[in-house]
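Asker: One structure is given below, represented as structure tokens, and several questions about it will come after.
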Amino acid sequence: MDLNFQKNFSLRSYNTFGINVQSKQFIGVKNTEELQYVLRHKKNEKTLILGGGSNLLLTEDFEGLTVRIESKGIQIIEENEKFATVKVAAGENWHEFVLWCLENDLGGVENLALIPGSVGAAPIQNIGAYGVELKSVFLSCEAIAIDNGTTMIFDKAGCQFGYRNSIFKNQLKGQYIITSVNFLLNKAPHTINASYKGLREKMEKKNKTIQNVAKAVIAIRSEKLPDPKEIGNSGSFFKNPVITEAQFKNLQNQYPNIPHYPDNASKIKIPAAWMIDTLGLKGFRNGDAGIHKNQALVLVNYGNATGKDINALAEKIQSEVAKKFGVNLTAEVNII
Ligand code: EPU
């Protein structure tokens, strides 16, 4: 197989933070056969699997082989009058897939418009936004075992989805590469989900179509979240912490206006952005590493920040939040 392995390859344009680290070797693969070939022939190399590079912070040069998944293809593989099952290659861009769904009037992913990243990476952290998570449209995915190249199908239960979480971030971390995802999408008439604060207001005077929901989500995201093409970033840097009712009551006594949402099993989720904002850190900048001026949960690279600079800023935030609120923030992005 004629594959072009590159040496000492800069990953700058392959991670949305725009961090300039080198990978000892780099290869882009266009299909499962190429991926299996690479895994067989580079068995002893340390590997970094890259999709859209939108959920990682690279803190040092990578002394191994970076494999970028570049497979393409979207097809309806089954349908009836209500649903369509759509198979999407892992290397497809997530937002392009959302646009394809809107053109084909297939509902379910419109709230997830404009999320950066690839389709293959979406199940790993069960991407979510504006009241919808990937798991609500997920049917199954196909994955390749890194150690022996065999194919495995994971259904929804097998993925153990949680809030920004799945089996691929836990027991199976670093063991599988997702090569395609099957989605179960709805045909018209659509039920839309516009109850999320901000989205509801934008949808008030609009026709309740999936296309209008996507438009409203795109407008909200563009107002608040920096475009990675303009300012390096990886979306929300931390997960929103989930705390016990007792912890919450304690915080609410001190901060009566603390925003909060019910979570599972009498736990409460509070926005990390609110805590960072309350600390007065929104818009904070140290060299080229900063906290975005419109959304305190988003760390940004203004140009030449290193991964270590961003990580140091993240640690500063974690320690200040712990000191003031007694809450531990965990990173949502993968720090490598
Ligand atoms: N808030 C502030 N200051 C800020 C921003 C927000 O106080 O600078 C408070 C406000 O009270 C606001 C609340 O935090 O109502 C929630 O803010 P927002 O709706 O912007 O959402 P978020 O909790 O910060 C989460 C996801 C985002 C997703 C949005 C919308 C996580 C870690 N992040 O952010 O996902 O787009 O909700 O659904 O759950 C991502 O994962 O990368 C991501 C961008």
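Asker: If I ignore ligands, DNA and RNA and count only protein heavy atoms, how much of ILE124 is accessible to a 1.4 Å probe, in Å² to the nearest 10?
Answerer: ILE124 has an accessible surface of roughly 60 Å² with all protein chains in place.
Asker: Which helices pass in the chain if a helix is a full DSSP H run, must span at least 15 angstrom along its long axis by Cα, and must have mean Kyte-Doolittle hydropathy not below -1.0?
Answerer: What comes out of the filter, once short or polar helices are dropped, is 210-224, 307-325.
Asker: Right, another one. Could you look at the chain and say what percent of its accessible area is carbon and sulfur, using a 1.4 Å probe and all protein chains?
Answerer: Whole-percent figure for carbon plus sulfur exposure: 47.
Asker: Roughly how many Å² of SER180 are accessible to a 1.4 Å probe, to the nearest 10?
Answerer: 10 Å²
Asker: At 1.4 Å probe radius, can you tell me the per residue accessible area of the chain in Å²?
Answerer: 49 Å²
Asker: Within the set LYS24/LYS282; LYS30/LYS156; LYS30/LYS269; LYS43/LYS239; LYS82/LYS173; LYS156/LYS206, which residue pairs have Cα atoms separated by over 30 Å?
Answerer: Table pairs above 30 Å Cα-Cα are LYS24/LYS282; LYS30/LYS269; LYS43/LYS239; LYS82/LYS173; LYS156/LYS206.
Asker: Something else now. So if I place +1 on the C-beta of Lys and Arg and -1 on the C-beta of Asp and Glu, and nothing else carries charge, what would the dipole magnitude of the chain be about its Cα centre? I want it in debye, nearest 20.
Answerer: Approximately 800 debye in magnitude.
Asker: Something else now. At a threshold of 8 angstrom on Cα-Cα distance, excluding pairs fewer than six apart, so keeping six or more, what relative contact order does the chain reach in percent?
Answerer: So the answer I get is 16 percent.
Asker: Further question: Residue separation times 0.36 nm, minus the C-alpha to C-alpha distance between GLU45 and ASP61: what's the value?
Answerer: Net length gain for the segment: 4.3 nm.
Asker: So how much accessible area does ASP2 have, in Å² to the nearest 10, using a 1.4 Å probe?
Answerer: Accessible surface of ASP2 is approximately 150 Å².
Asker: For region 284-295, take each phi angle, set θ = phi - 60°, evaluate the Karplus expression 6.51 cos²θ - 1.76 cosθ + 1.60, and give the result in whole Hz per residue in order, putting x for glycine and proline.
Answerer: Along region 284-295, the couplings run 4, 9, 10, x, 9, 9, x, 10, 4, 6, 9, 8 Hz.
Asker: Taking DSSP loops as anything outside H, G, I, E and B, show the longest stretch in the chain free of GluC sites (Glu not before Pro) there with at most 13 other beta carbons within 10 Å.
Answerer: Counting only loop sites that pass the neighbour cut-off, the longest clear stretch is 82-203.
The values are calculated or read from the model by the stated rules, or taken from the named source; none is laboratory data. Predicted model only: the values in this text are computed from it and were never measured. Methodologically, a virtual Cβ is constructed for each residue, glycine included, from the backbone with ideal geometry; neighbour enumeration extends over all protein chains shown. We work out accessible area using only protein heavy atoms, side chains counted, and drop any ligands, DNA or RNA first. Shrake-Rupley method; radii C 1.70, N 1.55, O 1.52, S 1.80 Å.
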